[in-house]
Structures are given as C-alpha cells and as structure tokens.
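The values are calculated or read from the model by the stated rules, or taken from the named source; none is laboratory data. Given the structure is predicted, the values throughout are model-derived calculations rather than measurements. Virtual Cβ from ideal backbone geometry, glycine too; neighbours counted across all protein chains shown. SASA here: full protein model, heavy atoms, side chains in, ligands and nucleic acids out. Shrake-Rupley method; radii C 1.70, N 1.55, O 1.52, S 1.80 Å.
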Amino acid sequence: MLGGFIALRLVIANLLRPHYMAAVTTYFNVMTTYTPPGQAWVLAQGGVSPTRQVVGRGWGELEPALPAACQRLLPGSPTAKGTASLSSVFSCMQAHGWRGFVTYQPASRYWPFQGIETGIYVLLAAALIAVTFVVVRRRGA
C-alpha cells in the first residue's frame, strides 16, 4: 500500500504537476542572462537555433548544433585561437540568430497548484472509499 502511494506521488510530482497550468517561456539575447521575476520553478532552459532546434544546457548538446564558425571558437577546440572565450562563442551564436530561453512556473501559482493537487487526492480517496464500500457490501455477513 505504501509503495503504491509513493509511486503515485512520484507520477504526480514528476509527470502531472509541471502541466497543471501552461508554463511561461521567455526568450532572451544569448549575450545576457535571464532570471524569472521573484521565485520560480524552472522547468527547462537552454538555447534555440534559428531553425527552432532546442538545445538544453551543456556543451555536449550544444556543440554539434552550432554553425561551424561558432564551433571553431569553442575553448578546447583544435582550431580555437588563443583568445577564444565563451563570450566570443555567444557573440557568434547571436550573430547566427540563436536565442536563449527559460521555461518556468511562477511562484504565484503555488496555491493554485496546491488546490489542484488536493482535488486530485480527494477524488482518489473518494474513489477508494467507494470501491471499499462496494467490496464490503458484496461480501456476505
């Protein structure tokens, strides 16, 4: 029983909760950073190419998606010049039409999310009570 409850909590927390309300996505210049106003639950962040290819955080995903001109600027690249830096990579990305993005749920949605989740658990509890009632009634005394 406890295992079922834990599994249900994990499913709700990881699969349903992020989608109770449509998340806010903000795009910004790759040469700057963006922090959501106030506190927020950040669901995803990364870069978007001009062809709308989404790349998450980390150079492993980003490097193959970059134009060749920007790949040559990456620190550690065999063709990188001695003055190569991350700012030159981001400048190149901006010149090629890349944008940064952050997808988040604002802190102002905390209580609506609590209400939605409470409703889910109340309905599940009511369903379990109804099933228990039916099972007990079917058994003979």
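State which residue is least open to solvent (accessible area, probe 1.4 Å) when the search covers only segment 48-77 and only residues that are at pLDDT below 90 and part of a strand (DSSP E or B). This residue is V55.
For the condition modelled with pLDDT of 90 or more and open to solvent by 40 Å² or more (accessible area, probe 1.4 Å), L15 qualifies.
Taking segment 18-46 as the search range and keeping residues that are open to solvent by less than 50 Å² (accessible area, probe 1.4 Å) and farther than 11 Å from V102 by Cβ, which one is modelled with the lowest pLDDT? Before the answer, list the steps.
Within segment 18-46, the first condition is being open to solvent by less than 50 Å² (accessible area, probe 1.4 Å), and the residues that meet it are 18, 20, 23-24, 26, 28, 30, 36, 40, 44, 46.
Keeping just the survivors that are farther than 11 Å from V102 by Cβ gives 18, 20, 30.
Values: P18: 93, Y20: 95, V30: 88.
The qualifying residue modelled with the lowest pLDDT is V30.
For residues that are open to solvent by 60 Å² or more (accessible area, probe 1.4 Å) and under 18 Å from R57 (Cα atoms), scanning just segment 92-123, find the one that is farthest from the chain's Cα centre (by Cα). Selected residue: Q94. Scanning segment 1-22 for residues that are without any contact (Cβ under 8 Å) to a residue 40 or more places away in the chain and among the aromatic types (F, W, Y) yields a single hit, F5.
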